[in-house]
Amino acid sequence: MADEAFEIVVATHHAEIHRYLVRVTRRPGDADDLSQETFIRAFRAHSALPAGSNVRAWLFTIATNLCRNYWRSESRRRRAYEAAGETAAHHEEAEGEGAMVMEQASEEIGRIVAALPLRQRLAFTLRKVHEFEYEAIGRSLDCSPDTARAHVFQALRKIRRGLDAPAGARTESKR
Amino acid sequence: MTREPRSCREIEPDLIAVATAEAPPAAARRVESHVAECASCRSELTQYQTVDGLVTAYRDTRASEADPTLARAQLESRLADLRSRIVRYGVFDSPLGPIAIGVSEHGVSMVEYVRPAERTGGGLARRAGGEAVEDPRRTEGLYRDLADYLDGRRTRLDWPLDLRRTRSDFQRRVLEATARLPYGAVTSYAGIAREIGAPRATRAVAQALRHNPLPIVVPCHRVIGSSGDLTGYAGTRIGLKRDLLAVEGVHTMPGRGDYHIERRAVYYKYLDGAEYCLPTCGGILEKPLGDFTVFGSRDRAEAVGLQPCTDCRPDLHPLPV
């Protein structure tokens with residue numbers, strides 16, 4: 001693939017990869033760094049990519065691997081939980097504006113997703129936000145499609161429980 | 001067909017699959033028959049369907065939350081920097097042994113004879129400078145040109161060159177003057193020194209060509225010692241210089257540890273003259289080689305637009321082939 005073709009790769013996929021990384025890191029600054037790193041790595045490697053490869057899935061695999069390395073750093077994990085906490089606090093302030101129920105639920109889901117174990121979070125985001133097949137998710141996460149699916153379902157269970165429980169807990173704490 | 005409801009625990013994954021519209025038909029049927037009889041799983045299914053709807057909302061509402069514009073701009077500038085430094089290279093089995101060819105966005109930036117032990121490993125990549133990436137596909141077209149050249153099927157390598165790896169302005173001038181030497185023509189280090197306006201810098205010219213980053217393409221094999229000896233090539237691989245000259249029709253004789261041009265067996269162009277002469281013309285053999293460019297054949301001399309000398313008439317009395 002020539003360098004000109006790589007410009008098209010950036011133009012086509014950068015925004016989506018960035019969105020993915022914002023969701024899984026919960027920190028736009030880190031997502032900026034990781035999205036840059038994803039494409040820098042892709043640039044170094046793209047000439048070795050066989051013709052006809054699924055470039056989008058390949059980029060997501062690079063981004064996913066970077067996330068997994070990134071998450072090995074304990075301090076980052078802590079910062080991300082703090083970021084999740086800030087979002088939750090923001091959520092409480094916004095509560096009561098009735099028309100925003102869906103948006104609040106989305107915020108809540110974001111908070112729950114941020115607290116998921118990494119592989120569940122990555123699998124959930126790849127499947128539910130970026131609509132990858134389980135085979136592709138398995139390839140990104142080095143696991144079988146069935147395991148990828150189990151991660152997603154586990155995430156959905158936690159989201160369901162999370163949407164029930166904290167709402168009640170919050171109501172109590174407010175009264 | 002058995003309609004026995006599975007346990008609630010067993011049916012749960014199927015339930016999620018149905019709620020998220022991923023269930024295969026068999027699982028969908030299992031869920032259907034189970035929830036028909038199990039109120040709690042029915043409510044469970046409804047809840048998962050609600051969750052699925054909210055997840056879809058999550059997917060859509062947060063999509064524009066973070067602006068990628070800045071990250072994109074930073075990426076573009078890093079890529080531009082990387083592009084200017086990256087060297088894509090391949091190693092090819094040439095008739096002269098393994099040869100690495102590297103190309104940057106500015107042009108060919110590396111041609112290197114590779115020792116077999118060096119084919120893999122970082123040394124080659126380091127010497128390629130900048131960011132080296134092995135990419136034979138990017139360079140195989142160049143190698144085909146080179147193979148044609150070494151086979152005598154092509155007399156020019158019209159490649160854009162990237163001379164940023166030159167060590168100094170002086171070396172650059174030496175390389176550029178050497179690159180202008182025509183196919184099949186030979187001059188001496190002194191000749192190049194004179195050409196670049198530094199007639200006393202013969203040794204420095206030799207030194208600059210010793211570190212030629214683009215051998216063959218910048219034909220330093222066409223530059224020899226004033227004695228007619230080939231004097232050095234690619235370290236101690238003087239045989240390569242002999243072979244490259246032979247491809248171009250310039251034949252050499254073996255001597256003591258070196259090869260030399262037989263001064264009586266070549267045609268001569270004096271300085272910037274427009275004619276070519278026989279070695280017997282006007283005391284040529286007593287003059288220093290640095291004053292001449294020599295050619296192995298009349299064809300090569302005439303290919304660069306030279307006329308036969310009207311005194312010695314090399315067209316009427318050509319050298320024996």
Handout entry: Set B:240, B:271, B:230: member being assigned by TED's automatic domain parsing to the domain that holds residue B:201 and touching a Leu at 6+ places or on another chain (Cβ under 7 Å)
Key = B:240
Handout entry: Search result, residues across the stretch B:160-178 that are surrounded by fewer than 17 Cβ atoms within 10 Å (Cβ to Cβ) and not hydroxyl-bearing (Ser, Thr, Tyr)
Key = B:160, B:164, B:167, B:169, B:170, B:172, B:176
Practice task
Could you tell me whether residue A:26 is modelled with pLDDT of 90 or more and of a type in the set (Lys, Arg)?
Solution key: no
Problem - Among the candidates A:164, A:142, residue that is at pLDDT 90 or above and either closer than 20 Å to residue B:45 by Cβ or surrounded by fewer than 18 Cβ atoms within 10 Å (Cβ to Cβ) (or both) - result: A:142
Practice task
May I ask you to say which residue of A:154, A:104 is within 12 Å of another protein chain (Cβ to nearest Cβ) and modelled with pLDDT of 95 or more?
Solution key: A:154
Exercise for the section: Could you tell me whether the stretch B:154-172 includes any residue that is among the small types (Gly, Ala, Ser) and assigned to a loop (DSSP other than H, G, I, E, B)? Expected result: yes
Practice task
Kindly provide the set of residues from the stretch B:199-217 that are in a helix (DSSP H, G or I) and either over 22 Å from the mean Cα position of the chain (by Cα) or not basic (Lys, Arg) (or both), ordered by number.
Solution key: B:202, B:203, B:204, B:205, B:206, B:207, B:208, B:209
Practice task
Report yes if some residue within the stretch B:148-155 is surrounded by 15 or more Cβ atoms within 10 Å (Cβ to Cβ) and either within 21 Å of residue B:232 (Cβ to Cβ) or free of Cβ contacts under 8 Å to residues at least 24 places away in the same chain (or both); otherwise report no.
Solution key: yes
Problem - Which numbered condition residue B:171 fails, given (1) under 30 Å from residue B:303 (Cβ atoms); (2) touching a Lys or Arg at 6+ places or on another chain (Cβ under 8 Å); (3) among the polar types (S, T, N, Q) - result: (2)
Fill in the blank from the handout: Matching residues in the stretch B:218-243 (in a helix (DSSP H, G or I) and free of Cβ contacts under 8 Å to residues at least 60 places away in the same chain) number 7
Practice task
Look through the stretch A:111-139, keep the residues that are surrounded by fewer than 20 Cβ atoms within 10 Å (Cβ to Cβ) and within 13 Å of chain B (Cβ to nearest Cβ), and return whichever of them is nearest to residue A:23 (Cα to Cα).
Solution key: A:130
Exercise for the section: Select, from A:9, A:24, the only residue that is buried (at least 17 other Cβ atoms within 10 Å of the Cβ), assigned to a helix (DSSP H, G or I), more than 9 Å from every other protein chain (Cβ to nearest Cβ) and over 19 Å from the mean Cα position of the chain (by Cα). Expected result: A:9
Problem - In the stretch B:79-98, the residues that are of a type in the set (Asp, Glu) and under 29 Å from residue A:10 (Cα atoms) - result: B:81
Practice task
With the condition kept exactly as written, say whether any residue in the stretch B:276-291 is of a type in the set (Gly, Ala, Ser) and free of Cβ contacts under 8 Å to residues at least 60 places away in the same chain.
Solution key: yes
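The values are calculated or read from the model by the stated rules, or taken from the named source; none is laboratory data. Because the structure is predicted, anything quoted here is derived from the model rather than measured. Please note: Cβ atoms are built from the backbone with ideal geometry, for glycine as well, and neighbour counts cover all protein chains shown.
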